[in-house]
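Nothing in this text is a laboratory measurement; each read-out follows from the coordinates by a stated rule. For clarity, every value in this text was computed on a predicted model and none was experimentally measured. All Cβ positions, even for glycine, are placed from backbone atoms using ideal geometry, and neighbour counts span all protein chains on display.
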Amino acid sequence: MSTDAITVLKEDHREVGRLFAEFEKKSTSPKRKAEIVREVLRALTVHTHIEDTIMYPEVRTRVPEVEDDILESFEEHHVVDVLSLELQGMQPDDERFEPKFKVLMESVRHHIEEEETGWFPKVREALGRKELSEIGARMIAERENAPAKVPEPKGLRAALDALSE
Ligand SMILES: [Fe+2]
Ligand SMILES: [Fe+2]
C-alpha cells in the first residue's frame, strides 16, 4: 500500500465523501443517518488530527508558498471542530441535528476541494516522492494517537457560553 501523504489523505476524503452520499440518499433510514454522523465524526477526528499534527506543520515548513493556505485550513478545521463538538452532544431527534450536519457536510466538502485542487498539487510539485511517503507513513502511525472524541478547542466553551447567553 502506498504511504504517499497525499494519497493517504485523499483516501480519507473519499471515505467521508461516501458516507455523505449515503446520508443524502432518500432511502437512508433515520437510524442509519445517526450512525453515519457518528462514523463521520470519528473519521474527521482522526483525519484532522493527523493533518494538524503532521501534514500541516511539515508542509508549512517545507513549502512556504502554501503557508496562507495552511493557515486557512487550520481555521476551517476549527469550524468543523465546533460543529462536530455540538453534534457530538446532541440527540439525533433534535430539530437542529440534521441541518447542523448538512452545514458540516458543506464545510467539509469545500475544505476538501481546497486541499485537493488548491494546494495539494503545489505540495506534490515541491516535495519529492520519498519525502511524501515518509510524511504519509508518519501520519498512518499517528492515527492511533488521535483523540477518541472531538476535543474541545481551548477557549471554545467560553465562546459557546457567550453565544447562548
Ligand atoms: Fe484533508
Ligand atoms: Fe484538512
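Assuming charge only on the beta carbon of Lys and Arg (+1) and of Asp and Glu (-1), the dipole of the chain about its Cα centre is about 680 debye to the nearest 20.
Taking the convex hull of the Cα atoms, report for the chain its projected area averaged over all directions, in nm².
10.5
The distance from the alpha carbon centre of segment 1-37 to that of segment 54-81 is 23 Å, rounded to a whole number. A 28 angstrom limit on the alpha carbon distance is what I want to check against. Which of Lys100/Lys149; Lys10/Lys100; Lys33/Lys122 exceed it? Violating the 28 Å limit, Cα to Cα: Lys33/Lys122.
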